[in-house]
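Notes for the one structure printed next.
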Amino acid sequence: MAQKPVVEVLGGRELRSTLRQADASLQDLKDAHAAAASIAARASAALAPVRTGRLRDTIRSSGTKTAGIIRAGFKSVPYAGPIHWGWYTRPRGKWRGGPIQANPFLSHGAQDSEGRWIRVYEHHVAAAIEKVKGIS
């Protein structure tokens with residue numbers, strides 16, 4: 001029967017500890033998500049359709065532990081969803097002009113600024129890897 005190779009890891013305890021720290025910093029991407037969403041929100045605001053500027057002024061971003069979020073609209077600006085996604089079954093009436101064509105300015109802003117916000121994630125992951133001692 002062949003012998004199993006013996007491997008000795010010097011500083012194994014320290015390596016395990018720093019790997020746990022790196023995992024914790026990768027699990028908590030809240031700051032990276034918030035920064036990336038902020039970049040995408042600014043790009044989306046530049047693409048928002050403007051009549052009065054109220055819709056553009058409601059665009060905001062936030063970061064959670066699992067995602068970066070961009071929102072638009074408030075109760076006082078309820079038309080953000082129909083402007084972004086469209087409203088094809090909109091009824092005609094005295095003041096209504098028929099269907100609203102989709103204008104996905106939030107999606108386009110995030111796509112257009114991807115090159116900028118991807119760097120935020122790359123920097124955060126690189127910083128987490130730098131914390132790991134023993135990896136060269």
Glu130: modelled with pLDDT of 85 or more and out of contact with any strand residue (DSSP E or B) (no Cβ under 9 Å at 6 or more places or on another chain), yes or no? no
Long-range neighbours under 9 Å by Cβ, at least six apart or interchain, first residue at pLDDT below 85 within the stretch 91-117, second assigned to a loop (DSSP other than H, G, I, E, B) and among the β-branched types (Val, Ile, Thr): Pro99/Thr89
Scanning the stretch 25-75 for residues that are in contact (Cβ under 8 Å) with a residue 12 or more places away in the chain and either at positive phi or among the polar types (S, T, N, Q) (or both) gives Ser25, Gln27, Ser38, Ser44, Thr58, Ser61, Ser62, Thr64, Thr66, Gly73
Filtering the stretch 49-66 down to residues that are modelled with pLDDT of 90 or more and in contact with a helix residue (DSSP H, G or I) (Cβ under 7 Å, 6 or more places away or on another chain) yields Pro49, Val50, Leu55, Arg56, Thr58, Ile59, Arg60, Ser61, Ser62, Gly63
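The values are calculated or read from the model by the stated rules, or taken from the named source; none is laboratory data. Computed from a predicted model, the values in this text were never measured in an experiment. A quick note on method: Cβ atoms are made from the backbone with ideal geometry, for glycine too, and the neighbour counts reach across all protein chains shown.
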